[in-house]
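The values are calculated or read from the model by the stated rules, or taken from the named source; none is laboratory data. Being a predicted model, the structure only gives us computed values, none of them experimental. Cβ placement follows ideal geometry from the backbone for every residue including glycine, while neighbour counts extend to all protein chains displayed. With ligands, DNA and RNA removed, areas are computed over all heavy atoms of the protein, side chains included. Shrake-Rupley method; radii C 1.70, N 1.55, O 1.52, S 1.80 Å.
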Amino acid sequence: MNQFKAVAVAVAVGLWASTVHAQAKPIQAVLTDAPAVPPPTGRKAPAKVVVELVVKEVTLPISEGVNYTFWTFGGKVPGKFIRIRQGDTVEFHLANDPGSKMPHNIDLHAVTGPGGGAASSFTAPGQRSQFSFKALNAGLYVYHCATAPVGMHVANGMYGMILVEPPEGLSKVDREYYVMQGDFYTVGKYREKGLQPFDMQKAIDENATYVLFNGSEGALLGDNALPAKVGEKVRLFVGNGGPNLVSSFHVIGEIFDRVYTEGGSKFQENVQTTLIPAGGTAIVEYKVEIPGSYPLVDHSIFRAFNKGALAMMTVAGPDNKAIYSGKELDEVYMGDRAPGPSPAPDRSVARAAAELAGGKLTLETQIAAGKTLFNGTCSVCHQPTGLGIPMVFPPLAKSDFLMADKLRSVAIALNGLQGEVVVNGVKYNSVMPPMSNLTDDAIANILTYVRNSFGNVGEAVTAVEVSKVRATSARPAGAAH
Amino acid sequence: MLLLVGLSAFAEQPAMVKVGPGVYRPIYPAAASQTELTLPGFLLDVTPVTNGALLAFVTAQPQWRRDRVKRVFADRGYLQHWEGPLKPGEADPDQPARFVSWFVARAYCAHRGARLPTEAEWELAAAADETELDARRTPAFRDRLLAWYAQPNPARLPKVGAGKPNAWGLHDLHGLLWEWVLDFGNTMISSDSRDGKDPSGRRFCGAGAANASEKDDYPSFMRIAFRSSLEGNYTIGNLGFRCARDLSGVTR
């Protein structure tokens, strides 16, 4: 008896609850254009959500000076971002702009049911369709047009994403962005100017002309780069509309703390590159630690370099040298050229340093150390023989210009030299970079070697002299001090 | 005799030319035995029906005026680009009639003692470019069609009959506007609508290619997709029509 009563009460409560639910005012979904993402639903319970999406066929730049007629969900590529909660009932309205040439529909991968809504949303130009679905599964899902020929509708940009939040919502982050890759096929070559039509054969051959984030080259570059600040947690909703290519999504200089692979419920940690299938997604999260520019690429890297698959995140804030130092060394690497084949360890530079510290540095030691340093840095241009390269790099051997002024040669080694000089009666006009990254005693040893080799005879250069010149002369901007 | 009287009211009706006989291979054959349809010769309007011709029709048959037509025969958009029910206004008499439903198109043709072309007839006529009767495998022709299909409608449609006719002597089958056919719902809907099968879902997305014969004839796919998005009372800004007639003169 009591059991019956309990069941009756439960049924009554259930009826009451569903009545209340049905009467609750439907919520109008907030839709955003990439890279913006709608705010979290913030709801503790499912609701009825109304989504209104308009299909528009529009001509927009695909690259600078190159236009393409995109077919879009909402006027841009990718289409509007939709954000709902698991358990929501979505009343979906799809309108097709009266100016459209084509009929269109929508297949949402978040829909459980035949065609993902495609058959119920098939809409002629100037018409409107409506269907409803219940969001049974949480996750980040692609939606796309599925009208024949489907490849062409997708290749023209007809895709976007719908996020179905789990009941508990997503963890709090500081920034969320919407990034979606797609491949495009034009009759003209990459960056060939003008209005470029769709190339059916290239699409069938999967030979993409462009591979792009957010529908145009430069959509997320320059002033449109994605901003973030040091210390912030960033979440990217990354999708791949295809139609053909699978993305090797990577952010240069970041490690993804978490990747919800394929837009599902489980995450992998510490990921460098995540694979995003055509018609698939990933949720990527990381904390930005160091200021600077972070390119987002398809690490199938020719696409980034030659087809436009490049976006940028710009991180502002204070440096953190403990995590990243910036450049600590910049010098010519000679490979096997400098030391010669299978060399004995060269201790000449260390010996010179030790003698200098002990206050009894000999000319021979300076010359030996200077030779090693010269061969490591200077001989690339001036050649190991000191003869330079005729008409390009001036000789040091028997050089009137070098030997005429010792302190001038110190200043040139430190600060570089640009412009015309006359050496042994021959005019040279090229550029020597500043070598101010070398220490005072290294420059002293090099110049001492040069002034006593290749037929030159001169007095030694001391580290103290170099130090004085360094303190009293100017170096080009960007050179080490 | 009656027919002639009827025709005389249509000073603006387009000339017709003979098309066919010929063979049409449907992309989605209705049955395995119907991969090739042999069509007898028929007459087809050289150009789409114009605003001017339609004005004469709605004047003669006022039940088809936009303010009198039943909604089941034409939706609210019917002739929306005209200034008034009998006043095309900005709509040029030589521009193709548009915003017309299938019912309107059918009634217009019947009034002229003609009919709408079948999908097979229309496709046979439209397979020709300027020189070949069947140019569907000619890349330049295919590219031209795809380029037109990819562009949104222009703000103002050109007049009918511009440019070179195709090899049958027909104008504007491509590049001006879509056209109604008699059996526009044929391809996507099964022959027996009571068989309880999903009538159209199989044609979407990848499934659409499963039983298609010419997988790279994208223009044909696009026309089929367009036609199957229609209902008989729809009126659309880039959809017009032209009429056909059997060679014997007997209407279908």
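The accessible-area loss of the stretch B:221-246 on complex formation, taken against its chain alone with a 1.4 Å probe, reaches 40 Å² or more at B:MET222, B:ALA225, B:SER229, B:ILE236.
Here is the list for the stretch A:138-233: trypsin sites (Lys or Arg not before Pro) lying in DSSP coil, each with at most 13 other C-beta atoms within 10 angstrom of its C-beta, are A:LYS172, A:LYS189, A:LYS193. The C-alpha atoms of chain A define a longest principal axis, and helix A:2-23 lies at about 70 degrees to it.
With a cut-off of 18 Å on the backbone N, the residues of the stretch B:162-180 near the modelled label site 7 Å out from B:ASP134 along Cα-Cβ are B:167-169.
Per-atom-type breakdown for chain A gives carbon and sulfur 58% of the accessible area (1.4 Å probe, protein chains only). Please sort by residue number the trypsin sites (Lys or Arg not before Pro) in the stretch A:286-335 whose DSSP state is loop and whose Cβ has at most 12 other Cβ atoms within 10 Å. Here the sparse-neighbourhood loop sites are A:LYS321, A:LYS327. Panel note: contact residues of the stretch A:185-216 (accessible area lowered by at least 50 Å² against the chain on its own; 1.4 Å probe) correspond to A:MET200. Each Lys and Arg adds +1 at its Cβ and each Asp and Glu adds -1 at its Cβ; summed about the Cα centre, the stretch A:299-419 shows a dipole of about 160 debye. Shown for the stretch A:356-481 is the translational diffusion coefficient from the Stokes-Einstein equation, using the Kirkwood radius over Cα pairs, a temperature of 25 °C and a viscosity of 0.890 mPa s: 168 µm²/s.
Taking only Cα atoms, what is the 0 to 90° angle, nearest 10, from helix A:463-472's long axis to the longest principal axis of chain A? So the helix axis and the longest Cα principal axis differ by about 60 degrees. From the alpha carbon centroid of the stretch A:213-246 to that of the stretch A:120-139 is 27 Å.
Pairing chain A with chain B buries about 2500 Å² of accessible area. This figure sums both sides and uses a 1.4 Å probe. Near A:VAL469: Cβ cut-off under 13 Å, other residues only, Lys/Arg at +1 and Asp/Glu at -1. The net charge is +2.
What does the structure give for A:52-61 when I average, per residue, the other chain Cβ atoms found within 10 Å of the residue Cβ?
1
Note on A:LYS80: lysines with a C-alpha under 17 Å away, same-chain residues under 8 apart excluded, are A:LYS56. Adding -39500 (n - 2.57) for every DSSP H run of four residues or longer, then dividing by how many residues the protein assembly as shown holds, sets the calculated 222 nm ellipticity at -6500 deg cm²/dmol.
Restricting the GluC sites (Glu not before Pro) of the stretch A:92-194 to loop positions (DSSP other than H, G, I, E, B) with no more than 10 neighbouring Cβ atoms within 10 Å leaves A:GLU168. Centre-to-centre separation between the Cα atoms of the stretch A:49-87 and those of the stretch A:390-454: 61 Å. Per residue of peptide A:99-111, the mean number of Cβ atoms on other chains within 10 Å of the residue Cβ is 4.
What does the accessible area per residue of the protein assembly as shown come to in Å², with a 1.4 Å probe and no ligands, DNA or RNA counted?
Here the residues of the protein assembly as shown average 47 Å² of exposed surface.
Counts of other chain beta carbons within 10 angstrom of each beta carbon in peptide A:139-150 average 5.
Taking Cα centroids, how far is the stretch A:274-313 from the stretch B:118-183 in Å? Rounded to whole Å, the Cα centres lie 43 Å apart. Seen against the Cα atoms of chain A and their longest principal axis, helix A:406-415 is set at about 10 degrees. Rounded to the nearest 20, the size of the Cβ-charge dipole of the protein assembly as shown about its Cα centre is 1440 debye, with Lys and Arg at +1 and Asp and Glu at -1.
Summarised in one figure, the compactness ratio Rg/Rh of chain A, Cα atoms and Kirkwood Rh, is 1.21.
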